[in-house]
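Data block below; observations after.
The values are calculated or read from the model by the stated rules, or taken from the named source; none is laboratory data. The model shown is predicted, which means the values in this text are computed figures rather than measured ones. Quick reminder, even Gly has a Cβ in these numbers, built from the backbone with ideal geometry, and neighbours come from all protein chains shown. Side chains are part of the model used for accessible areas, which takes the heavy atoms of the whole protein and leaves out ligands, DNA and RNA. Shrake-Rupley method; radii C 1.70, N 1.55, O 1.52, S 1.80 Å.
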Amino acid sequence: MTIPLDSTTIIAAIGGVLLLAILLFTVFKGVMRMLALAIGLALAVGAWLFFYKNGFTFVSFITDSPQPWMVHVLAGGVALLIIVVTIHGLTWISQVLSFNKRVGPTGVTTTILMCLLALWLGVMGVSYYGDVCRIAYYHDLAEAQMTGAPQPALPLFTKVKDTIRTNRLTSWLEKIDPMENPARTNLACLIAYGCTLDAPRCDALYHNQLANRGIPHPYRLLDLFRDPGMRTLVQEKRYVPLLENERLNTFLQFENTEELMRNIL
């Protein structure tokens, strides 16, 4: 059975998860607090490792000359923020679920901020993972073309992201997502598709569908398709390193390439 991915379905799913979380926390309060704290600390360590490894990509949004110390500050700051939010959040949840206690203006403000933060982080995570799934989809699409297999279905998280981005009530979230970059995602999808094809099909893709799209020096795309490093990333299905590869940023920075790549797919 196929579940329709409209706004009602997504809102109902989010509401169900929140209700389940409240029920579990109410019934198993002490255990859930310890578990939530452990998850928060694990997320802090994971965030530190992630930003320590990929920090230059995020710092480049702020400055054209990213420095190593900026990456350390970013990684440590994000990890510390997660720990503070986890500890503060556990205290807040305890107050909210202690129905015999009043929640004052500070608690109400905290509730609103925590909900907004959770919404922002959740949508940002779904959006990024949806991009990664889209890259995988183009790899699978090229493989299906090579083998004559049926065309693969669009991944679930990609559908969810598309629904969020096209709905008038939630489309504004794209503007506050620092990881949103349609041009880079489209380029990564093209690379995954082109690197999966054999040489004749890859050349045909370039000459018949891409060379005349107005991209400055379009042969640069063919160079990316033929690049051994890119082909290795695609073959090993390492889509996150592909999406964050610095060569994609270099490609997009040339003249108006980024603007054109936004609507290439």
Seminar exercise, completed: Computed over segment 216-265, the distribution of all Cα-Cα distances in 10 Å bins, rounded to whole %, is 23, 55, 22, 0
Exercise. What is the set of long-range amide H partners of ASP177 at a cut-off below 5 Å, with H atoms built 1.01 Å from backbone N?
Worked result: none
Exercise. Taking θ as phi - 60°, what are the ³J(HN,Hα) couplings along segment 162-172 by the Karplus curve (6.51, -1.76, 1.60), each to the nearest whole Hz, with x for Gly and Pro?
Worked result: 4, 5, 5, 6, 8, 6, 5, 7, 10, 5, 5
Seminar exercise, completed: When the charge dipole of segment 160-265 is computed with +1 at the Cβ of Lys and Arg and -1 at the Cβ of Asp and Glu, the Cα pointing farthest to the positive end, of PRO200, PHE225, LEU248, is that of PRO200
Problem set entry | Per residue accessible area in Å² of segment 183-225, where ligands, DNA and RNA are left out and the probe is 1.4 Å | 37 Å²
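Can you give the local net charge around LEU233? Use residues other than it whose beta-carbon is closer than 11 angstrom to its beta-carbon, Lys and Arg +1, Asp and Glu -1.
On the way: positive: ARG231, LYS237, ARG238, ARG247; negative: ASP227, GLU236, GLU244.
Charge balance in the 11 Å sphere: +1.
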